[in-house]
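Have a look at the structure below, then the notes.
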Amino acid sequence: MLHCILDAALRWFRFVGRKSENMTANDLTHIVQRLATKLGARLFRNNSGRYRTESGRWVQFGVPPKGGSDLIGWMPGGRFVAVEVKVGRDKLSDEQAAFLAAVTKAGGVAGVVRTVEDAEALLSATEPSA
């Protein structure tokens with residue numbers, strides 16, 4: 001089933017003139033979300049950062065404010081999933097590595113995805129046993 005989804009995604013990228021190795025982080029993030037949805041999972045974009053209110057107060061947002069993965073959610077059965085999407089020369093920060101390690105230590109599934117194949121491997125690892 002995953003291979004059919006991947007084939008469709010790759011055909012789509014060829015259709016719009018992009019090679020899979022030239023995907024942006026946003027492109028890859030959307031593909032990972034679609035793959036997860038096909039498996040019955042829920043992955044949400046985890047935007048993080050901070051902004052200054054009109055009164056001058058700084059407000060942080062995201063889970064956690066620093067180091068949280070790009071995508072967070074769960075698989076059927078409730079297993080927590082954290083996916084850090086990286087493309088090109090992007091590197092994992094110390095905070096991101098610590099977050100992924102904490103998720104794994106707590107029994108969740110966490111990993112870095114740089115390609116469609118990485119996404120397939122990570123999401124396949126989260127499938128419940130039959």
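The values are calculated or read from the model by the stated rules, or taken from the named source; none is laboratory data. As the structure is a computational prediction, the values presented were derived from the model and not from experiment. Cβ placement follows ideal geometry from the backbone for every residue including glycine, while neighbour counts extend to all protein chains displayed.
Details
- Subset of region 74-88 that is out of contact with any Ser or Thr (no Cβ under 7 Å at 6 or more places or on another chain) and without any contact (Cβ under 8 Å) to a residue 40 or more places away in the chain - its residue that is farthest from L122 (Cα to Cα): G88
- Single residue of region 109-124 satisfying the filter (hydrophobic (A, V, I, L, M, F, W, C) and either farther than 16 Å from R34 by Cα or in a loop (DSSP other than H, G, I, E, B) (or both)) that is farthest from the chain's Cα centre (by Cα): V109
- Long-range neighbours under 6 Å by Cβ, at least six apart or interchain, first residue over 10 Å from N46 (Cβ atoms) within region 60-72, second assigned to a strand (DSSP E or B): Q60/R50
- Test: residue in region 19-26 that is within 17 Å of A121 (Cα to Cα) and either modelled with pLDDT of 90 or more or in contact with a Lys or Arg (Cβ under 6 Å, 6 or more places away or on another chain) (or both): no
- Qualifying residues in region 53-76 (those that are surrounded by fewer than 18 Cβ atoms within 10 Å (Cβ to Cβ) and touching a Gly at 6+ places or on another chain (Cβ under 6 Å)) - the one farthest from G108 (Cα to Cα): G62
- When residues of region 89-122 are limited to those that are touching a residue at least 24 places away in the same chain (Cβ under 8 Å) and of a type in the set (S, T, Y), the one surrounded by the most Cβ atoms within 10 Å (Cβ to Cβ): T115
- In region 20-51, the residue that is surrounded by the most Cβ atoms within 10 Å (Cβ to Cβ) out of those that are under 13 Å from W74 (Cβ atoms) and of a type in the set (G, A, S) is A36.
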